[in-house]
Amino acid sequence: MKAPSIVVVVAVAIAVAGAPACERASNETVTIAVSPAEMSRLETRVEQVMNRPEVEQAMDALFDAVAADPALGALAGQLADQLMADPKIAAATEGLIAEMGESPALMTWTLRYMETHPGLDPEGVGEAVGVEVEQRFESLLTRPVEREIGQLVERAQGGAGLASLEKHLSSQFDRVLDAYFEQPARKGRWSKRLIELNGGKKPAPNLAAQLYIDHAWSEERMLRFMVRACADPEVRRALVTLLRRVLEDRSLRTHLQRAARTLAADADLRHATVRVFEVLFISDASPDAIDARVKALFDSPAVLAAVNDLAQNLLAEPALHQILDDTIAGAAKQPTVRAALDELCDGW
(Lines give C-alpha, C1' and ligand atoms only; values in the text may rest on other atoms or scores of the structure.)
Protein backbone atom coordinates (compact mmCIF):
# COMPACT_ATOMS: atom_id res chain seq x y z
CA MET A 1 0.00 0.00 0.00
CA LYS A 2 1.52 3.30 -1.06
CA ALA A 3 1.42 6.37 1.12
CA PRO A 4 -1.56 8.65 0.36
CA SER A 5 0.68 11.50 -0.80
CA ILE A 6 2.26 9.24 -3.42
CA VAL A 7 -1.16 8.19 -4.65
CA VAL A 8 -2.19 11.83 -4.96
CA VAL A 9 0.87 12.84 -6.97
CA VAL A 10 0.60 9.85 -9.29
CA ALA A 11 -3.15 10.34 -9.68
CA VAL A 12 -2.60 13.95 -10.74
CA ALA A 13 0.10 12.83 -13.16
CA ILE A 14 -2.20 10.25 -14.73
CA ALA A 15 -5.03 12.76 -14.96
CA VAL A 16 -2.80 15.26 -16.76
CA ALA A 17 -0.51 13.12 -18.86
CA GLY A 18 -2.96 10.36 -19.64
CA ALA A 19 -5.41 12.62 -21.47
CA PRO A 20 -4.83 13.61 -25.10
CA ALA A 21 -4.03 17.29 -25.59
CA CYS A 22 -6.27 18.57 -28.34
CA GLU A 23 -5.13 22.18 -28.19
CA ARG A 24 -3.73 23.95 -31.22
CA ALA A 25 -0.55 25.96 -31.45
CA SER A 26 0.90 27.20 -34.72
CA ASN A 27 -2.06 25.46 -36.41
CA GLU A 28 -0.81 22.07 -35.21
CA THR A 29 -2.31 19.65 -32.73
CA VAL A 30 -0.06 18.06 -30.14
CA THR A 31 -1.13 14.73 -28.65
CA ILE A 32 0.43 13.34 -25.49
CA ALA A 33 0.49 9.53 -25.25
CA VAL A 34 2.07 8.13 -22.11
CA SER A 35 3.48 4.63 -22.52
CA PRO A 36 3.64 2.16 -19.61
CA ALA A 37 7.42 2.63 -19.58
CA GLU A 38 7.08 6.41 -19.23
CA MET A 39 4.51 6.05 -16.47
CA SER A 40 6.80 3.64 -14.65
CA ARG A 41 9.63 6.14 -14.95
CA LEU A 42 7.41 8.86 -13.51
CA GLU A 43 6.33 6.67 -10.60
CA THR A 44 9.99 5.93 -9.82
CA ARG A 45 10.66 9.67 -9.77
CA VAL A 46 7.70 10.22 -7.45
CA GLU A 47 9.12 7.63 -5.05
CA GLN A 48 12.47 9.43 -5.13
CA VAL A 49 10.78 12.73 -4.31
CA MET A 50 8.84 11.19 -1.44
CA ASN A 51 12.09 9.86 0.02
CA ARG A 52 13.79 13.26 -0.06
CA PRO A 53 14.58 14.60 3.45
CA GLU A 54 12.76 17.84 2.67
CA VAL A 55 9.52 15.99 1.91
CA GLU A 56 9.86 13.67 4.90
CA GLN A 57 10.37 16.67 7.19
CA ALA A 58 7.43 18.52 5.63
CA MET A 59 5.15 15.49 6.01
CA ASP A 60 6.28 14.95 9.61
CA ALA A 61 5.37 18.56 10.36
CA LEU A 62 2.01 18.12 8.62
CA PHE A 63 1.15 14.97 10.58
CA ASP A 64 2.31 16.57 13.85
CA ALA A 65 0.05 19.55 13.22
CA VAL A 66 -2.89 17.30 12.39
CA ALA A 67 -2.31 15.13 15.48
CA ALA A 68 -2.25 18.26 17.68
CA ASP A 69 -5.80 19.26 16.72
CA PRO A 70 -7.82 19.35 20.00
CA ALA A 71 -11.10 18.23 18.45
CA LEU A 72 -9.39 15.32 16.75
CA GLY A 73 -7.76 14.34 20.03
CA ALA A 74 -11.13 14.43 21.78
CA LEU A 75 -12.65 12.13 19.16
CA ALA A 76 -9.72 9.74 19.49
CA GLY A 77 -10.33 9.70 23.24
CA GLN A 78 -14.01 8.91 22.68
CA LEU A 79 -13.04 6.05 20.38
CA ALA A 80 -10.66 4.70 23.03
CA ASP A 81 -13.48 4.83 25.58
CA GLN A 82 -15.76 2.98 23.18
CA LEU A 83 -13.15 0.28 22.64
CA MET A 84 -12.54 -0.11 26.38
CA ALA A 85 -16.30 -0.50 26.90
CA ASP A 86 -16.13 -3.67 24.81
CA PRO A 87 -16.00 -6.57 27.34
CA LYS A 88 -13.51 -8.61 25.29
CA ILE A 89 -11.13 -5.70 24.80
CA ALA A 90 -11.45 -4.58 28.43
CA ALA A 91 -10.72 -8.09 29.73
CA ALA A 92 -7.69 -8.44 27.48
CA THR A 93 -6.39 -5.03 28.56
CA GLU A 94 -6.72 -5.94 32.21
CA GLY A 95 -4.80 -9.14 31.55
CA LEU A 96 -2.08 -7.21 29.76
CA ILE A 97 -1.72 -4.71 32.60
CA ALA A 98 -1.57 -7.52 35.13
CA GLU A 99 1.15 -9.30 33.16
CA MET A 100 3.12 -6.08 32.88
CA GLY A 101 2.82 -5.57 36.63
CA GLU A 102 4.41 -8.99 37.19
CA SER A 103 7.40 -8.17 34.99
CA PRO A 104 10.64 -8.86 36.92
CA ALA A 105 12.27 -5.82 35.29
CA LEU A 106 9.45 -3.55 36.46
CA MET A 107 9.40 -5.02 39.98
CA THR A 108 13.17 -4.57 40.31
CA TRP A 109 12.94 -0.93 39.22
CA THR A 110 9.98 -0.31 41.55
CA LEU A 111 11.77 -1.79 44.59
CA ARG A 112 14.83 0.34 43.93
CA TYR A 113 12.66 3.43 43.53
CA MET A 114 10.88 2.73 46.82
CA GLU A 115 14.24 2.29 48.57
CA THR A 116 15.37 5.73 47.40
CA HIS A 117 11.98 7.30 48.20
CA PRO A 118 11.02 5.90 51.62
CA GLY A 119 7.54 6.68 52.86
CA LEU A 120 6.08 7.15 49.37
CA ASP A 121 2.55 5.72 49.18
CA PRO A 122 1.48 3.26 46.44
CA GLU A 123 -0.26 6.00 44.48
CA GLY A 124 2.94 8.03 44.36
CA VAL A 125 4.90 4.99 43.21
CA GLY A 126 2.35 4.36 40.48
CA GLU A 127 2.64 7.95 39.27
CA ALA A 128 6.43 7.63 39.19
CA VAL A 129 6.17 4.46 37.11
CA GLY A 130 3.88 6.27 34.65
CA VAL A 131 6.30 9.16 34.25
CA GLU A 132 9.21 6.78 33.78
CA VAL A 133 7.34 4.78 31.13
CA GLU A 134 6.44 7.94 29.20
CA GLN A 135 9.98 9.34 29.25
CA ARG A 136 11.68 6.07 28.35
CA PHE A 137 9.19 5.29 25.62
CA GLU A 138 9.93 8.65 24.00
CA SER A 139 13.69 8.13 24.08
CA LEU A 140 13.93 4.38 23.42
CA LEU A 141 10.89 3.25 21.46
CA THR A 142 9.54 6.13 19.38
CA ARG A 143 11.86 5.65 16.40
CA PRO A 144 11.75 1.84 16.18
CA VAL A 145 7.97 1.83 16.62
CA GLU A 146 7.47 4.45 13.89
CA ARG A 147 9.79 2.50 11.60
CA GLU A 148 7.92 -0.77 12.15
CA ILE A 149 4.55 0.90 11.63
CA GLY A 150 5.77 2.22 8.27
CA GLN A 151 6.98 -1.23 7.25
CA LEU A 152 3.72 -2.78 8.42
CA VAL A 153 1.75 -0.41 6.21
CA GLU A 154 3.95 -1.36 3.26
CA ARG A 155 3.27 -5.07 3.91
CA ALA A 156 -0.47 -4.63 4.36
CA GLN A 157 -2.73 -5.89 1.60
CA GLY A 158 -5.74 -3.77 0.69
CA GLY A 159 -7.15 -6.51 -1.54
CA ALA A 160 -10.45 -5.83 -3.24
CA GLY A 161 -11.01 -2.85 -0.97
CA LEU A 162 -7.89 -1.10 -2.28
CA ALA A 163 -8.83 -1.87 -5.90
CA SER A 164 -12.29 -0.42 -5.28
CA LEU A 165 -10.87 2.72 -3.71
CA GLU A 166 -8.30 3.24 -6.46
CA LYS A 167 -11.00 2.97 -9.12
CA HIS A 168 -13.23 5.38 -7.26
CA LEU A 169 -10.44 7.90 -6.63
CA SER A 170 -9.31 7.77 -10.26
CA SER A 171 -12.77 8.70 -11.43
CA GLN A 172 -13.14 11.44 -8.81
CA PHE A 173 -9.74 13.00 -9.55
CA ASP A 174 -10.57 13.02 -13.25
CA ARG A 175 -13.87 14.77 -12.55
CA VAL A 176 -12.39 17.40 -10.24
CA LEU A 177 -9.28 18.10 -12.32
CA ASP A 178 -10.81 18.04 -15.80
CA ALA A 179 -12.18 21.56 -15.45
CA TYR A 180 -8.74 22.77 -14.41
CA PHE A 181 -6.72 21.07 -17.15
CA GLU A 182 -9.21 21.66 -19.95
CA GLN A 183 -8.90 25.46 -19.85
CA PRO A 184 -8.14 26.56 -23.43
CA ALA A 185 -5.48 29.10 -22.43
CA ARG A 186 -3.57 26.51 -20.40
CA LYS A 187 -3.79 23.88 -23.12
CA GLY A 188 -2.59 26.39 -25.66
CA ARG A 189 0.46 27.24 -23.54
CA TRP A 190 1.32 23.59 -23.11
CA SER A 191 1.02 22.86 -26.84
CA LYS A 192 3.20 25.82 -27.74
CA ARG A 193 5.79 24.85 -25.15
CA LEU A 194 5.98 21.24 -26.36
CA ILE A 195 6.64 22.45 -29.90
CA GLU A 196 9.33 24.83 -28.62
CA LEU A 197 11.00 22.04 -26.68
CA ASN A 198 11.08 19.96 -29.84
CA GLY A 199 12.93 22.58 -31.84
CA GLY A 200 9.83 24.18 -33.36
CA LYS A 201 8.40 20.95 -34.70
CA LYS A 202 5.33 19.08 -33.57
CA PRO A 203 6.55 16.16 -31.41
CA ALA A 204 5.22 12.65 -31.86
CA PRO A 205 2.80 11.59 -29.11
CA ASN A 206 5.36 9.48 -27.22
CA LEU A 207 8.02 12.19 -27.45
CA ALA A 208 5.48 14.81 -26.33
CA ALA A 209 4.80 12.70 -23.24
CA GLN A 210 8.52 12.39 -22.50
CA LEU A 211 9.05 16.14 -22.88
CA TYR A 212 6.05 16.92 -20.74
CA ILE A 213 7.03 14.55 -17.92
CA ASP A 214 10.67 15.64 -17.88
CA HIS A 215 9.85 19.33 -17.72
CA ALA A 216 6.51 19.70 -15.92
CA TRP A 217 7.03 16.79 -13.53
CA SER A 218 10.70 17.14 -12.78
CA GLU A 219 11.94 16.03 -9.37
CA GLU A 220 12.60 19.60 -8.22
CA ARG A 221 9.15 20.84 -9.29
CA MET A 222 7.41 17.98 -7.49
CA LEU A 223 9.60 18.61 -4.46
CA ARG A 224 8.49 22.26 -4.29
CA PHE A 225 4.86 21.22 -4.72
CA MET A 226 4.96 18.65 -1.91
CA VAL A 227 6.74 20.97 0.54
CA ARG A 228 4.36 23.80 -0.25
CA ALA A 229 1.26 21.59 -0.01
CA CYS A 230 2.33 20.07 3.32
CA ALA A 231 2.78 23.54 4.82
CA ASP A 232 -0.56 24.83 3.52
CA PRO A 233 -3.00 25.45 6.41
CA GLU A 234 -5.87 24.53 4.09
CA VAL A 235 -4.34 21.10 3.46
CA ARG A 236 -3.91 20.57 7.19
CA ARG A 237 -7.48 21.67 7.82
CA ALA A 238 -8.75 19.28 5.13
CA LEU A 239 -6.87 16.34 6.67
CA VAL A 240 -8.16 17.14 10.14
CA THR A 241 -11.72 17.30 8.81
CA LEU A 242 -11.23 14.00 6.98
CA LEU A 243 -9.95 12.22 10.09
CA ARG A 244 -12.64 13.71 12.29
CA ARG A 245 -15.33 12.43 9.94
CA VAL A 246 -13.70 9.00 9.87
CA LEU A 247 -13.67 8.83 13.67
CA GLU A 248 -17.26 10.06 13.86
CA ASP A 249 -18.66 7.59 11.32
CA ARG A 250 -20.34 4.63 13.02
CA SER A 251 -19.58 2.09 10.28
CA LEU A 252 -15.88 2.98 10.20
CA ARG A 253 -15.65 2.84 14.00
CA THR A 254 -17.17 -0.65 13.86
CA HIS A 255 -14.31 -1.81 11.63
CA LEU A 256 -11.78 -0.32 14.06
CA GLN A 257 -13.44 -2.10 16.96
CA ARG A 258 -13.35 -5.40 15.11
CA ALA A 259 -9.60 -5.04 14.48
CA ALA A 260 -9.01 -4.16 18.14
CA ARG A 261 -10.87 -7.30 19.21
CA THR A 262 -8.67 -9.42 16.95
CA LEU A 263 -5.52 -7.96 18.49
CA ALA A 264 -6.81 -8.19 22.05
CA ALA A 265 -7.61 -11.89 21.72
CA ASP A 266 -4.11 -12.97 20.70
CA ALA A 267 -2.01 -14.30 23.60
CA ASP A 268 1.26 -14.29 21.64
CA LEU A 269 0.78 -10.62 20.82
CA ARG A 270 0.16 -9.86 24.49
CA HIS A 271 3.42 -11.56 25.46
CA ALA A 272 5.30 -9.66 22.73
CA THR A 273 3.83 -6.39 24.04
CA VAL A 274 5.02 -7.19 27.57
CA ARG A 275 8.54 -7.90 26.26
CA VAL A 276 8.59 -4.47 24.60
CA PHE A 277 7.34 -2.90 27.85
CA GLU A 278 10.04 -4.68 29.85
CA VAL A 279 12.82 -3.15 27.80
CA LEU A 280 11.90 0.24 29.25
CA PHE A 281 13.19 -0.91 32.62
CA ILE A 282 16.31 -2.77 31.50
CA SER A 283 19.12 -0.28 32.01
CA ASP A 284 21.67 -2.07 29.81
CA ALA A 285 19.34 -2.90 26.90
CA SER A 286 21.21 -2.39 23.63
CA PRO A 287 19.63 -0.68 20.59
CA ASP A 288 19.74 -4.01 18.75
CA ALA A 289 17.88 -5.74 21.58
CA ILE A 290 15.24 -3.01 21.61
CA ASP A 291 14.83 -3.20 17.83
CA ALA A 292 14.49 -6.99 18.00
CA ARG A 293 11.66 -6.83 20.53
CA VAL A 294 9.78 -4.10 18.65
CA LYS A 295 10.18 -6.02 15.39
CA ALA A 296 8.87 -9.20 17.01
CA LEU A 297 5.78 -7.29 18.14
CA PHE A 298 4.94 -5.95 14.68
CA ASP A 299 5.88 -9.19 12.94
CA SER A 300 3.22 -11.02 14.90
CA PRO A 301 0.78 -12.79 12.53
CA ALA A 302 -2.11 -11.34 14.52
CA VAL A 303 -0.96 -7.77 13.80
CA LEU A 304 -0.72 -8.25 10.04
CA ALA A 305 -4.00 -10.16 9.94
CA ALA A 306 -5.80 -7.41 11.84
CA VAL A 307 -4.29 -4.65 9.72
CA ASN A 308 -5.13 -6.46 6.47
CA ASP A 309 -8.70 -7.04 7.62
CA LEU A 310 -9.04 -3.42 8.72
CA ALA A 311 -7.56 -2.06 5.49
CA GLN A 312 -9.77 -4.16 3.24
CA ASN A 313 -12.93 -3.26 5.15
CA LEU A 314 -12.16 0.44 5.48
CA LEU A 315 -11.08 0.89 1.86
CA ALA A 316 -14.25 -0.78 0.56
CA GLU A 317 -16.54 1.23 2.83
CA PRO A 318 -18.84 3.65 0.90
CA ALA A 319 -18.72 6.04 3.84
CA LEU A 320 -14.95 6.45 3.40
CA HIS A 321 -15.38 7.03 -0.34
CA GLN A 322 -17.83 9.84 0.34
CA ILE A 323 -15.53 11.44 2.90
CA LEU A 324 -12.64 11.36 0.42
CA ASP A 325 -14.85 12.79 -2.33
CA ASP A 326 -15.79 15.74 -0.17
CA THR A 327 -12.16 16.29 0.89
CA ILE A 328 -10.85 16.31 -2.70
CA ALA A 329 -13.61 18.61 -3.94
CA GLY A 330 -13.18 20.98 -1.03
CA ALA A 331 -9.40 21.18 -1.32
CA ALA A 332 -9.60 21.80 -5.07
CA LYS A 333 -11.61 24.97 -4.42
CA GLN A 334 -9.03 26.50 -2.07
CA PRO A 335 -7.03 29.36 -3.67
CA THR A 336 -3.75 28.30 -2.05
CA VAL A 337 -4.11 24.71 -3.26
CA ARG A 338 -4.90 25.88 -6.78
CA ALA A 339 -1.89 28.22 -6.68
CA ALA A 340 0.39 25.32 -5.74
CA LEU A 341 -1.08 23.25 -8.57
CA ASP A 342 -0.56 26.16 -10.98
CA GLU A 343 3.08 26.36 -9.96
CA LEU A 344 3.54 22.63 -10.57
CA CYS A 345 1.68 22.30 -13.85
CA ASP A 346 2.47 25.63 -15.57
CA GLY A 347 5.65 27.54 -16.30
CA TRP A 348 7.71 24.61 -17.50
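The values are calculated or read from the model by the stated rules, or taken from the named source; none is laboratory data. A quick note: this is a predicted structure, and the numbers were derived from the prediction, not measured. Because the Cβ atoms are built from the backbone with ideal geometry, glycine has one as well, and the counts that use them run over all protein chains shown.
For the range 27-56, filtered to residues that are part of a loop (DSSP other than H, G, I, E, B) and surrounded by fewer than 13 Cβ atoms within 10 Å (Cβ to Cβ), the residue that is modelled with the highest pLDDT is Asn51.
Results for (1) of a type outside the set (Ser, Thr, Tyr); (2) surrounded by 18 or more Cβ atoms within 10 Å (Cβ to Cβ); (3) in contact with a Cys (Cβ under 9 Å, 6 or more places away or on another chain); (4) modelled with pLDDT under 85, shown as yes or no for each residue.
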| residue | (1), (2), (3), (4) |
| --- | --- |
| Val145 | yes, no, no, no |
| Glu154 | yes, no, no, yes |
| Gly161 | yes, yes, no, yes |
| Ile195 | yes, yes, no, no |
| Asn198 | yes, no, no, no |
| Pro203 | yes, yes, no, no |
| Glu219 | yes, no, no, no |
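I'd like the residue in the range 251-296 that is closer than 25 Å to Glu134 by Cβ and of a type in the set (S, T, N, Q) and, out of all such residues, is surrounded by the most Cβ atoms within 10 Å (Cβ to Cβ). My answer is Thr273. Annotation note: of Ala329, Ala339, the sole residue that is within 24 Å of Ala229 (Cα to Cα), exposed (fewer than 14 other Cβ atoms within 10 Å of the Cβ), of a type in the set (A, V, I, L, M, F, W, C) and at pLDDT below 85 is Ala329.
Please give the helices (runs of 4 or more DSSP H) falling wholly within the range 57-163 in which 2 or more residues are of a type in the set (Gly, Ala, Ser).
Working: elements: 70-84, 87-101, 104-116, 122-136, 142-155.
The helices (runs of 4 or more DSSP H) meeting that bar are 70-84, 87-101, 122-136.
Within the option set Ile323, Ile290, being over 16 Å from Leu96 (Cβ atoms), assigned to a helix (DSSP H, G or I) and either aromatic (Phe, Trp, Tyr) or in contact with a Pro (Cβ under 7 Å, 6 or more places away or on another chain) (or both) holds for one residue only, Ile290.
The condition of being closer than 29 Å to Ala68 by Cα, of a type in the set (A, V, I, L, M, F, W, C) and within 19 Å of the chain's Cα centre (by Cα) holds for only one of Leu297, Leu242, that being Leu242.
Pairs meeting the criteria (first residue in the range 94-115 and within 15 Å of Val276 (Cα to Cα) and polar (S, T, N, Q), second residue part of a helix (DSSP H, G or I) and at pLDDT 85 or above, beta carbons under 8 Å, at least 6 apart or on different chains) are Ser103/Val274; Ser103/Phe277; Ser103/Glu278; Ser103/Phe281. From the list Ala285, Ala302, the one residue that fits, being over 21 Å from the mean Cα position of the chain (by Cα) and closer than 21 Å to Glu102 by Cβ, is Ala285.
Could we say that Pro233 is within 26 Å of Glu154 (Cα to Cα) and either in contact (Cβ under 8 Å) with a residue 40 or more places away in the chain or not aliphatic (A, V, I, L, M) (or both) here? Against the criterion (within 26 Å of Glu154 (Cα to Cα) and either in contact (Cβ under 8 Å) with a residue 40 or more places away in the chain or not aliphatic (A, V, I, L, M) (or both)), Pro233 does not qualify.
Taking the range 326-337 as the range and being over 21 Å from Ser171 (Cβ atoms) and assigned to a helix (DSSP H, G or I) as the test, the residues that pass are Pro335, Thr336.
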